[in-house]
Structure formats: C-alpha cells, structure tokens
Amino acid sequence: MKSYKLFIFIMVLIACVSISAGFSADTTKIVDGLNSSSDLTQALKDAGTQNKTVMLLFDQDSCYYCDLLKQDVLSKSNVQKELNDKFIVVDVDVNKQPQLAAQYKVVGTPMIVFLDSNSKELQRIEGYVSADEFLTSIKEI
C-alpha cells in the first residue's frame, strides 16, 4: 500500500510539473533569429511601453504557404532586423486559438494582422508575399 501511494504521488507530481511547464512557456520560435511570443495580452502591453506595433502571424501546421513565408521571408536577416526593432511578433496557431482567428476574421493562412497597443487593426497581409513586398508593407506602418 505504501508503494502504491508513492507511485500516485510521483504521477501527480509529474503531471503538475508538465502542466505548469506548458502554461509558463509563452514564447515561441517561428524561425531562428526572430523574437516572438504566443501571448497577445503581454504583447499589447509591451507594445505600449516600447512604442512598437504588434504583428499577429496566423498560421497552422501543414500549411505550405505558411512554411514558405517563414522560410523565404521571416528567416531573412533584413526582415528580422526590422521586425525585432519595431514590432512585437505573436504567433497564432488557428487550430489552437480558433477564437482569436475568428475575432480577426481569419479565413485562410498565412494571415498577418498588425495592431497598435490598443488592439486597433492598422493593416493586414493576406497570403504569401515576397520578402521585398513584406518589407515595403511593414515600413509603411
């Protein structure tokens, strides 16, 4: 009986550690070199204090054009410099956060929505664009 209680205690402890690790990890890695998060609330706060714009990247697994955008655009050093300097990037998986996708009327991926620190939409980019088109768009914000 004593070993059974120990086993249950260890299993509960492992479950608690696993759950807390999942909740505390609010940073994501879209591509190496690009600072990003999955916490929109914190991103909006940071945007206000740092005088930056929030960029929501709506994507999903097995999305060819999402992967292409990450590979051909977001992995470019000049794009990353611009984004890291002037934007708070938030990665939103539409399958894990469908309410957020619905709130911003996302009908396909990739979709990029730019917000000010008050959640006001400034601009959006629908679908895949080249690195040059992307840079031109974000420099106008």
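Each reported figure results from applying straightforward, stated rules to the coordinates on display, with no laboratory input. Computed from a predicted structure; not experimentally measured. Quick reminder, even Gly has a Cβ in these numbers, built from the backbone with ideal geometry, and neighbours come from all protein chains shown.
A few comments on the model shown:
- Pair-distance profile P(r), taking every C-alpha pair of the stretch 102-141, with 5 angstrom steps and integer %: 6, 21, 31, 23, 15, 4
- The modelled label-to-label distance between residue 60 and residue 85, using points 7 Å beyond Cα along the C-beta direction, is 3.6 nm.
- Rounded to the nearest 0.05, the FRET efficiency derived from the C-beta distance between residue 120 and residue 96 at R0 = 35 Å is 0.90.
- Extension gain from residue 104 to residue 71, taking 0.36 nm per residue of separation minus the Cα-Cα distance: 9.4 nm
- Relative exposure of 93, 67, judged by other C-beta atoms within 10 Å (fewest first): 67, 93
- The stretch 71-141: trypsin sites (Lys or Arg not before Pro) in DSSP loop, at most 10 other beta carbons within 10 Å: 105, 120
- Relative to the current alpha-carbon distance between residue 78 and residue 39, full extension at 0.36 nm per residue lengthens the span by 11.6 nm.
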